[in-house]
Amino acid sequence: MAELKLSETRNLTRIERIGAHSHIRGLGLDSALEPRSVSEGMVGQTLARKAAGVIVQMVKEGKIAGRAVLLAGQPGTGKTAIAMGMAKSISQETPFAMLAGSELFSLEMSKTEALMQAFRKSIGVRIKEETEIIEGEVVEIQIDRPAVSGAASKTGKLTLKTTEMETVYDLGAKMIEALGKDKVQSGDVIAIDKASGKITKLGRSFSRSRDYDAMGPQTKFLQCPDGELQKRKEVVHCVTLHEIDVINSRTQGFLALFTGDTGEIRAEVREQIDTKVAEWREEGKAEIVPGVLFIDEVHMLDIECFSFLNRALENDMAPILVVATNRGITTIRGTNYKSPHGIPIDFLDRLLIISTQPYTEEDIRKILDIRCQEEDVEMSEDAKVLLTKIGVDTSLRYAIHLITSAALACQKRKGKLVEMEDISRVYGLFWDVKRSTQYLMEYQSQYMFSEMPMGEGNEDEANAMVA
């Protein structure tokens, strides 16, 4: 009988896309805001991380709003990583929106409208309201199923108790379906919203902790609720101003949030919403949560966008603006004037500037170790030394790109550990910027539309481009 071979099965729920910054978990700071050497995926850039930590701390304490921070540094020095670390360090309730400067010119709306929507995505509103709920421990669930298919829908009874009372409630088909979906059984502590009928499973009663039930380590045990079954509780909802804008500006309401087709929102709608939110704040029903808006490639914005940002930062409900650029002294888009980072001087004056420095060889080695672990690649010590040298001579990004490529080369030769020969192989297959530029300079006469005639006078320019 032929031997039966079973193909390898993979757990698809554990497959995640590995991104360029998927290893970032935070800023890697201790409780005193001092940067650790290697922590939460962050390496080096100690001063920049410490400065970013101070900003995050002020955001958490609500002491900073309407301010702007500039992350400036050469390409590949961790500017976006620091911004991602800031996002991970801020609490979940604090809105964090990201935008690339080039996106504004490809959207089907005006540039200022796109910026305004990004601003309002970064401003949260914590709305408080009282609602009636039924909270108790499930004593028994009785479901009467019709004997004949197609007959009347299922009905049933739910018995709930607290330490002081016990009540039986009639159940309809929707409530029975909701109880089944959440796998509610006797001994569970649940809460039912009277207005919406939403069922929330809070945990399991301590009185049932010794039952022979299959319970995982995530099971939460609670005391049986005291007092009456029906209670009034304060519920807090966290939404952004942009979500409120969309819901109130279009006929399809909140569905526009899922389709992404929000379009331009009229200024009158925003004014009405701002007025209503101000009323809620005065009545104590809501509070504003200034979030963070991160704009990468800020040098791509033009003079109109910078003028808008200047005015928007003076608004009472402005978020913290974090921008990043890798440009030096360059032309401000939309003008003929040059300025540091391509940013107008008056806007630059508003910015707290955080500078990032080139990574040292030791930092590059640590980052490559982290990326090997993140991409699940086992590499020999000699291969890591070679890859670090490549990163120093070319760029950190190029060295990171070679990790997975070398792992595939290793698989092809049926190896289990990436060796120097694998690194050398992919180094020969994929060129870095320097080698590509050198080749282009040597053979540019064979390319179409070549604009640089070769001669002795062009050697210095070619060398400058390569460097």
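The values are calculated or read from the model by the stated rules, or taken from the named source; none is laboratory data. As the structure is a prediction and not an experimental result, all values here were calculated from the model. FYI the Cβ positions are ideal-geometry reconstructions off the backbone, even for glycines, and counts take in every protein chain you see. Side chains are part of the model used for accessible areas, which takes the heavy atoms of the whole protein and leaves out ligands, DNA and RNA. Shrake-Rupley method; radii C 1.70, N 1.55, O 1.52, S 1.80 Å.
A few notes on this one:
- The Cβ shell under 13 Å around N315 holds other residues with a net charge of 0, Lys and Arg each +1, Asp and Glu each -1.
- Taking all protein chains as shown and a probe of 1.4 angstrom, R435 keeps an accessible surface of around 50 Å².
- At full extension, L429 and K157 could sit 90.9 nm farther apart than now, given 0.36 nm per residue minus the alpha carbon distance.
- Taking every protein chain into account, the accessible area of segment 363-439 amounts to 58 square angstrom per residue (probe 1.4 Å).
- Accessible surface, 1.4 Å probe, highest first, among residues Y447, Y398: Y447, Y398
- 13 Å beta-carbon shell around A195, net charge (K/R +1, D/E -1): 0
- Carbon-plus-sulfur accessible fraction, segment 331-388 (probe radius 1.4 Å, protein heavy atoms only): 46%.
- Using a probe of 1.4 Å on the protein chains alone, the accessible area found for H401 is around 120 Å².
- Sulfur and carbon atoms: percent of accessible area, segment 79-144 [1.4 Å]: 46
- Note on exposure: K60, K128 ranked by accessible area (1.4 Å probe, complete protein assembly) read K60, K128, with the most exposed listed first.
- A Förster distance of 41 Å, applied to the separation of the beta-carbon atoms of N336 and K285, puts the FRET efficiency at 0.20.
- Checking every one of the GluC sites (Glu not before Pro) in segment 290-366 against DSSP loop status and a limit of 11 other Cβ atoms within 10 Å picks out E314.
- Solvent-accessible surface of segment 90-198, taken per residue with a 1.4 Å probe and all protein chains present: 55 Å².
- When the charge dipole of segment 333-438 is built from unit charges on Cβ atoms (+1 for Lys and Arg, -1 for Asp and Glu) and taken about the Cα centre, the candidate among I364, S405, S436 whose Cα reaches farthest toward its positive end is S436.
- With a threshold of 25 Å on the Cα-Cα distance, the over-threshold entries among K60/K198; K121/K233; K60/K285 are K60/K198; K121/K233.
- Accessible surface of E130, taken over heavy atoms with a 1.4 Å probe and every protein chain present, rounds to 120 Å².
- Summing charges over neighbours of P358, with a neighbour being any other residue whose Cβ is under 14 Å away from its Cβ, gives -2 when K and R count +1 and D and E count -1.
- Nearest-20 debye value, segment 271-365 charge dipole, Cβ charges on Lys, Arg, Asp, Glu: 320
- Anchor K79: lysines whose Cα lies under 19 Å away (excluding residues fewer than 8 positions away in-chain): K50, K88, K366
- For segment 318-445, the direction-averaged projected area of the alpha-carbon convex hull comes to 12.5 nm².
- Bridges between two residues of segment 288-417, per DSSP, are antiparallel at a rate of about 40%.
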